[in-house]
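Undergrad: Below is a structure I'd like to ask you about.
The values are calculated or read from the model by the stated rules, or taken from the named source; none is laboratory data. Bear in mind that the values here come from a model prediction, so they are computed numbers and not experimental data. Positions of Cβ are backbone-derived with ideal geometry, glycine not excepted, and every protein chain shown enters the neighbour counts.
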Amino acid sequence: MTRTRLYAAVAAGALLLAALAGLLAWRAWDSQPGPVLGDEPITGTALLEPEQHLFGDAVRARLELVVDRNRIDPDSIEVGANFAPYRDLRPLERTRTDSGPITMLRYDYLIACLTTRCLPSGGGRRDFGAVAVEYTPRGETLPQTASVEWPPLRAAGRIDPTRLEQAALRAELRDLPSPSYRISPTAVEVVSLVLAILFAAAAAILAIRFLPLDRVATWLGARRADRRSSLERALAQVRAAVAGGRPAEGRRALDRLALELRATENPELASDASRLAWSKGAPGEARVTPLSHDVERVIAEEQ
């Protein structure tokens, strides 16, 4: 019985010592202010995995920044990574971890070589250079820039260069059967032509219905009349008035004819036309015909 109690006491003491040691360790870890950067407010490392890949393989690029929050606001940090001519396979993933006054920022990229421009020549080495990290220190307005170098990357094609000369295009020539149609092309052409003619005729009918044909005819008639000289038009009015038995209109037409004859330097014929216009009797066809013949000779001489 005494031995059992002794074993129990030893076990309880061991458990108590282990609990006390764990408590002291936790308090010591919790009291630490976190990692210290020294004089630099920000440091970074860059990683490419794998460092050697084949054409089309995905490459993971990771940039890790350790920032002193007492001197730099992590939200002011901007990273300008450029992997051209490699292409991004997914959007950038950014994670943040805080430990005391220290913040760790991780930027994960997934890129791939998908074009021949990204295949390097010679030894297959591809250098992305340095990535620019821009940040603004606390209490300042002007940003500052730091840089982190990417490690070199090696890329290779999936075909051995010595086998490229042996590669050749392979093709098999076959005679294709004659094409078949659900509807005969000739029938389609005939129907299309008939429909085009019908649509054109309908459009023409609609256009004619909306055109002012009377105005067009009048304008065309005026254009034809305008081709005659003023003397010819005056003579035509005299003949029309006399032939129509309109004495008053005939006198006015003769008076106008006299004016046109004076304008063409024919005073004698102008006097004859004036006498007929103001004579007592109505100017009949018998009296107007000799004058008409004389005016026609004058018109012929002018032409």
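Undergrad: Checking the structure you have, find out if any residue of the range 194-211 is part of a loop (DSSP other than H, G, I, E, B), over 30 Å from THR115 (Cβ atoms) and either touching a Cys at 6+ places or on another chain (Cβ under 7 Å) or at pLDDT 70 or above (or both).
TA: Filtering the range 194-211 down to residues part of a loop (DSSP other than H, G, I, E, B) leaves 211.
Then keep just the ones that are over 30 Å from THR115 (Cβ atoms); that gives 211.
Those still in the list that are either touching a Cys at 6+ places or on another chain (Cβ under 7 Å) or at pLDDT 70 or above (or both) too: 211.
Scanning the range 194-211, I find at least one residue that is part of a loop (DSSP other than H, G, I, E, B), over 30 Å from THR115 (Cβ atoms) and either touching a Cys at 6+ places or on another chain (Cβ under 7 Å) or at pLDDT 70 or above (or both), so the answer is yes.
Undergrad: Of everything in the range 63-99, what is in a strand (DSSP E or B) and over 36 Å from the mean Cα position of the chain (by Cα)? Give them in sequence order. Lay out the reasoning, then the answer.
TA: Initial filter on the range 63-99 (in a strand (DSSP E or B)): 63-68, 72, 78-80, 87-88, 93-99.
Correct list: LEU63, GLU64, LEU65, VAL66, VAL67, ASP68, ILE72, THR95, ARG96, THR97, ASP98, SER99.
Undergrad: Looking at this structure, is TYR86 closer than 17 Å to THR43 by Cβ, assigned by TED's automatic domain parsing to the domain that holds ALA46, surrounded by 13 or more Cβ atoms within 10 Å (Cβ to Cβ) and in contact (Cβ under 8 Å) with a residue 12 or more places away in the chain? Write out each step before concluding.
TA: Details: closer than 17 Å to THR43 by Cβ: no; assigned by TED's automatic domain parsing to the domain that holds ALA46: yes; surrounded by 13 or more Cβ atoms within 10 Å (Cβ to Cβ): yes; in contact (Cβ under 8 Å) with a residue 12 or more places away in the chain: yes.
When the stated conditions are applied, TYR86 does not pass them.
Undergrad: Restricting to the range 117-139, and then to whatever is modelled with pLDDT under 85 and not small (Gly, Ala, Ser), can you tell me which residue is nearest to THR43 (Cα to Cα)?
TA: Taking the range 117-139 and keeping what is modelled with pLDDT under 85, we get 117-126.
Checking the rest, the ones that are also not small (Gly, Ala, Ser) come to 117-120, 125-126.
On the way: ARG117: 32, CYS118: 29, LEU119: 31, PRO120: 30, ARG125: 26, ARG126: 24 Å.
The extreme case among them is ARG126.
Undergrad: May I ask you to list the residues in the range 271-303 that are over 12 Å from LEU254 (Cα atoms), small (Gly, Ala, Ser) and modelled with pLDDT under 75?
TA: GLY281, ALA286
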